[in-house]
Amino acid sequence: MGFADQRFNVNLSILFTELPLLERPAAAAAAGFTAVELWWPWADSPTPEQSELDALRGAIRDAGVRLTGLNLYAGRLPGPDRGALSVPGEESERFRANVDVAAGFAESLGCTALNALYGNRVDGVDPAEQDALALENLALAARAADRIGAILLIEALNAPESPRYPLVSAPAAVDVVDKVNAATGLDNARFLMDLYHLAMNGEDLPQVIERYAARTGHVQIADSPGRGAPGTGSLPLEDLLDRLREAGYDGWVGLEYKPGDRTGAEAFDWLPREAR
């Protein structure tokens, strides 16, 4: 087993960023990848102009790559925000306005995974109030995902880098998955297992894999520390991905790491071309 036995896609919101957005799908294809994923590309606009949506859709189609994952509107990302759906007021409304737009864009490209980042805690707001709002908005998103035959992903981040984000462990994220599935009855919410974030939280990764592989809808990787390419840190990523395969996970593995001072095209020397 090993890296050659996995299905990797490349996240165009953190890799190939030296290029304009519309040039990144073709760059990923030139590097040998057949699939890509994205954070919501318009951080300031949950409802961009149709011409912008059409241009990105065309760039992905023209490159001949598949869009396998898309974040719903999450505020300023990268930046200080970690989602919008639990933030009362304007941000929550922006998330709701985005749901059908993002789902429609995903459906047009055959994308079957939507990621909904939970959002930071807000000073002066009762966490229970935020959690109730989050469940309402996540149920809305799960229903939209169901309409296009997609799953809804719930992600744990890491406490050192996201101290105001409440889902900073695998059990915390899976608990929200369970609540969303109970609220909708659709059973289409799944855990997004990001091995970098879980490692940064100090979690026992083999145990997390054993407990939650069957509940996992997507996996993302970066090495730790540093969030660089595999081999730049100390995580045994090859072994961990083998464990996931053995536990039954056969989905995509998203490459969501920082390339350092290398261009996106140079950031994959650890991965045989035939495995991309």
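The values are calculated or read from the model by the stated rules, or taken from the named source; none is laboratory data. No experiment lies behind these values; they were computed from the predicted model shown. No Cβ is skipped: glycine too gets one built from the backbone with ideal geometry, and neighbour counts run over all protein chains shown. Accessible surface is based on the protein model in full, side chains and every heavy atom, while ligands, DNA and RNA are left aside. Shrake-Rupley method; radii C 1.70, N 1.55, O 1.52, S 1.80 Å.
Scanning for something surrounded by fewer than 19 Cβ atoms within 10 Å (Cβ to Cβ) and charged (D, E, K, R), does region 225-238 turn up at least one residue?
Scanning region 225-238 turns up at least one residue that is surrounded by fewer than 19 Cβ atoms within 10 Å (Cβ to Cβ) and charged (D, E, K, R).
Can you pull out every residue in region 30-47 that is buried (at least 18 other Cβ atoms within 10 Å of the Cβ) and either over 20 Å from the mean Cα position of the chain (by Cα) or free of Cβ contacts under 8 Å to residues at least 24 places away in the same chain (or both)? Please lay out each step first, then the result.
From region 30-47, those buried (at least 18 other Cβ atoms within 10 Å of the Cβ) are 31, 33, 35-41, 46; that's our starting set.
Matches in region 30-47: Ala31 only.
Tyr73 passes all but one of (1) within 24 Å of Gly217 (Cα to Cα); (2) in contact (Cβ under 8 Å) with a residue 40 or more places away in the chain; (3) crowded, with 19+ Cβ neighbours inside 10 Å; which number fails?
Exception for Tyr73: condition (2).
Just to be sure I understand the filter: pairs with C-beta atoms under 6 Å, separated by 6 or more residues or on different chains, first member in region 97-126 and in a helix (DSSP H, G or I), second member hydroxyl-bearing (Ser, Thr, Tyr) and open to solvent by less than 10 Å² (accessible area, probe 1.4 Å). Which pairs pass?
From region 97-126, the pairs are Asn98/Tyr73.
Considering each residue of region 160-175, count those that are aliphatic (A, V, I, L, M), assigned to a helix (DSSP H, G or I) and either open to solvent by 30 Å² or more (accessible area, probe 1.4 Å) or out of contact with any helix residue (DSSP H, G or I) (no Cβ under 7 Å at 6 or more places or on another chain) (or both), and give that number.
Residues flagged as aliphatic (A, V, I, L, M), assigned to a helix (DSSP H, G or I) and either open to solvent by 30 Å² or more (accessible area, probe 1.4 Å) or out of contact with any helix residue (DSSP H, G or I) (no Cβ under 7 Å at 6 or more places or on another chain) (or both) within region 160-175 amount to 2.
Do any helices (runs of 4 or more DSSP H) entirely within region 177-249 hold 3 or more residues that are under 17 Å from the mean Cα position of the chain (by Cα), and if so, which?
Correct list: 195-200.
Out of everything in region 79-105 that is acidic (Asp, Glu) and either open to solvent by 40 Å² or more (accessible area, probe 1.4 Å) or in contact with a Ser or Thr (Cβ under 9 Å, 6 or more places away or on another chain) (or both), what residue ends up being nearest to Asn115 (Cα to Cα)?
Asp100
Of the residues in region 77-124, how many are over 24 Å from Val174 (Cβ atoms) and at pLDDT 95 or above? Walk me through how you get there before you give the answer.
Within region 77-124, the first condition is being over 24 Å from Val174 (Cβ atoms), and the residues that meet it are 78-80, 88-91, 93-94, 96-98, 100-101, 104-105, 107-110, 123-124.
From the residues that got through so far, the ones that are at pLDDT 95 or above too are 88-91, 93-94, 96-98, 100-101, 104-105, 107-110, 123-124.
Number of matching residues: 19.
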